[in-house]
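Undergrad: Starting off with a structure, shown below.
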Amino acid sequence: MALYSIGDLARRTGLTVKTIRFYSDRGIVPPTDRSPTGYRLYDLDAVARLELVRTLRDLGVDLPTIRRVVAHEVSLPEVAAAHAEALAVQIRTLRLRRAVLTAVARRGSSPEEMDLMHKLARLSEDERRRLVDDFLEAAFDGLDTVPGFAGIMRSMTPELPDDPSPEQVEAWVELAELAQDPDFRAAVRRILARHAAERGEADAPPRPDPAALARDHARPALTAGLAPEAPEADSVVAAVVAAYARDLGFPDDPALRRRLLDRLEEADDPRRDHYLELLAVINGWPSPEPLSPALGWFTEALRARLD
């Protein structure tokens, strides 16, 4: 059996004598024998081991794990799978950092804004989930049994992708800040609670949101330049009020119209539109149609007919 000195191994593998001695001292590539003068000697298996060690080190595998591989305490496929997953996490982190830096460069953010963006964007998936769940649980607390509300909750859930664009990072940071705003949380809760109460009174399958209904009816009038106080707006108001009254099973009277006006004024919150816009950017959805300004037009028209 041919045996090789450390110098021979260095020439065969391209590694330095110092490196080979380091691996040998740690038991990763132990000598096969020693010369009469005490020098270490290695067989061809040592060449193969050194090639494996160099490959694993290039891939970032630590020495204790490499020692276990060459000692057959753990299989190479198991190590490869574990390190592939670790690299995937690192790649996701680097992509996220790249997106944060790109967003900062484009926005011209201050150091304080950059720090906030980085802190919020680098949250782990579990931490992001907890932040969002905290907001949604506060908004939907006790309403999860209302028909249709589980779907509404899902539709309000952001999912930042593993490889986000700078726009998605910016949107996520803004949405995270908005979701932690106590006033916004309270506003969302009031809207949902009122909607749930009316769903219970109506005792019927899910129906269109009154705010979306008013927006859709008002849009043509707004586009045509019709003033909310104009007599021609009577039919627009009447159509929405009739649908609202029918859904609740109540008569169209001043009390019902005031109730509808309260609901629409509460829903006409620009933060709601902004949340949904940010949500669409983060999730890669089409941009939603905002409630404003058509909803504002309708509330003016309805208010004019209550005076």
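The values are calculated or read from the model by the stated rules, or taken from the named source; none is laboratory data. Just so we're clear, the structure is a prediction, and the values are computed from it rather than from any experiment. Positions of Cβ are generated from backbone atoms using ideal geometry, with glycine treated the same way; all protein chains shown enter the neighbour counts. The accessibility values were calculated without ligands, DNA or RNA, using every heavy atom of the protein model including side chains. Shrake-Rupley method; radii C 1.70, N 1.55, O 1.52, S 1.80 Å.
Undergrad: Can you pull the three principal axis extents for the Cα set of the chain, in Å, largest first?
TA: Principal-axis extents of the chain (Cα, largest first): 112, 43, 29 Å.
Undergrad: Once you wrap a convex hull around the alpha carbon atoms of segment 177-307, what is its projected area averaged over all directions, in nm²?
TA: Taking a quarter of the hull surface, the average projection is 8.8 nm².
Undergrad: So for the pair ARG92, GLU229, with labels modelled 7 Å out along Cα→Cβ, what separation do we get in nm?
TA: 5.8
Undergrad: May I ask you to give the solvent-accessible area per residue for segment 173-307, in square angstrom, as obtained with a 1.4 angstrom probe?
TA: On a per-residue basis, 48 Å².
Undergrad: What share of Cα pairs, in percent, lie more than 11 angstrom apart in segment 260-305?
TA: 66
Undergrad: What whole-number volume per residue, in cubic angstrom, does the convex hull of the C-alpha atoms of segment 219-264 give?
TA: Per residue, the Cα convex hull of segment 219-264 comes to 82 Å³.
Undergrad: Here's something else I'd like to know. Relative contact order (percent) for the chain, with alpha-carbon contacts under 8 angstrom and 6 or more residues of separation?
TA: Across the chain, relative contact order equals 15 percent.
Undergrad: Please work out the average accessible area per residue across segment 1-82, using the 1.4 Å probe convention, and give it in Å².
TA: Solvent-accessible surface per residue comes out at 60 Å².
Undergrad: Of the heavy-atom accessible surface of the chain (probe 1.4 angstrom), what whole percent is carbon and sulfur?
TA: Its accessible area is 55 percent carbon and sulfur atoms.
Undergrad: So who's got an amide H within less than 5 Å of the one on TYR4, skipping anything under 5 residues away but keeping other chains? H placed 1.01 Å off N, in plane.
TA: TYR42, ASP43
Undergrad: 7 Å from Cα along Cα→Cβ at both ALA105 and GLN180: what's the point-to-point distance in nm?
TA: Between ALA105 and GLN180, the label points sit 2.7 nm apart.
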